[in-house]
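The structure under discussion appears below in the form of structure tokens.
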């Protein structure tokens, strides 16, 4: 627990109880980052009367640009939903707390059980995660799937939508499309430095797309944007771009699992074991992808994927059964129904 919590806790409790005397009951979504909002959208559409509360200037600017109404912290709700495991931000037991994973499956380690047991319910992507959580003493998890991918499976991203997207970003229909991704560059998990200076060599032969972790150093983002023969994805949710890609190139990011859901070829750069890696995940990535060490190995790996796109298809399907409760486009609906059930039980009625 952060030290500031102990300074913040008791004044917050007093303010919360005073607020209840003068304000009507409220449900908020605590939005810590622009990606949080994008991940909440598939759940939000099944709810009503949820107030967005922005944590910081970056998030406020993002919401303002999109014309989304929001309020600032501090907030004194009766229920809070968040895409973080930070229930301590709202240190009153009477506040209903609902959380969900910021990323897919178990690509990042669980933190302390108290960070999850502080929630009334914490949504995860699979039954396997629920079992793992219970073995660690975490009892709040509930498997729903992965709402961020709902539009990939419910028909929203239909043929016309994807065709229009291809035209918008000038996809050459005579070329295959490769999406390059990279996780946050901590403890050597990002392979970005291994390909960023070479990737332009592929743009004559393929449509090249880039998406990187939001905490990626600005110098790398600027360099990727400067490659005019490729396309840098500015959106926080890259799901439709995954759908138009034929091949995925990554490292240790959970977006690997998102592409796996589409059962298309994956290439990954090997990363060194560290305190951030999880053996189960490194083995899973190895099983579903062609692994390489450096950029020189990439062209031949791409060729293998193009010649035999079904290689490792069985492994990808097995991984999907592990990572997802279901890929039916209804994860957000399941979450919404569970939230409404919880709010109704606590007399915070949703229509």
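We did not get these values from a lab; they are worked out from the coordinates using the rules stated. Quantities reported herein were computed from a predicted structural model and do not represent experimental measurements. Here Cβ is always computed from backbone atoms with ideal geometry, including for glycine, and neighbour counts include all displayed protein chains.
Tabulated data for the structure shown
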| read-out | value |
| --- | --- |
| Rough spin-label spacing in nm, given labels placed 7 Å along Cα→Cβ, for residue 274 and residue 131 | 3.0 nm |
| Equivalent ellipsoid, region 50-108 (semi-axes from 5 times Cα gyration tensor eigenvalues, Å) | 20, 18, 9 |
| Inter-part distance where region 53-89 and region 12-39 are each reduced to a Cα centre, Å | 8 Å |
| CD proxy at 222 nm, helix term only [per DSSP H run n ≥ 4: -39500 (n - 2.57); per residue of the chain; nearest 500] | -11000 deg cm²/dmol |
| Average Cα contact separation per residue, region 151-323, under 8 Å, 6 or more apart, as relative contact order % | 22 percent |
| C-alpha long axis of helix 279-288 to longest principal axis of the chain, angle in ° | 40 degrees |
| Computed label-point distance, nm, for sites residue 310 and residue 64 using a 7 Å Cα→Cβ extension | 5.4 nm |
| DSSP bridge pairs, region 11-143: antiparallel proportion in percent, nearest 5 | 0 percent |
| Cα gyration tensor shape for region 1-139, rounded if a/c is under 1.5, else prolate or oblate | oblate |
| Descending Cα extents along the principal axes, region 151-323, whole Å | 42, 37, 30 |
| Packing-based order for 164-175, 288-299, using average beta carbon neighbours within 10 Å, highest first | 288-299, 164-175 |
| Fewest-first sequence of 26, 287 by Cβ atoms within 10 Å of each Cβ | 287, 26 |
| 94, 223 arranged by Cβ crowding within 10 Å, fewest neighbours leading | 94, 223 |
| Whether region 147-251 is rounded, prolate or oblate, judged on the alpha carbon gyration tensor where a/c under 1.5 counts as rounded | oblate |
| Relative contact order for the chain, counting Cα pairs under 8 Å that sit 6 or more residues apart, in percent | 19 percent |
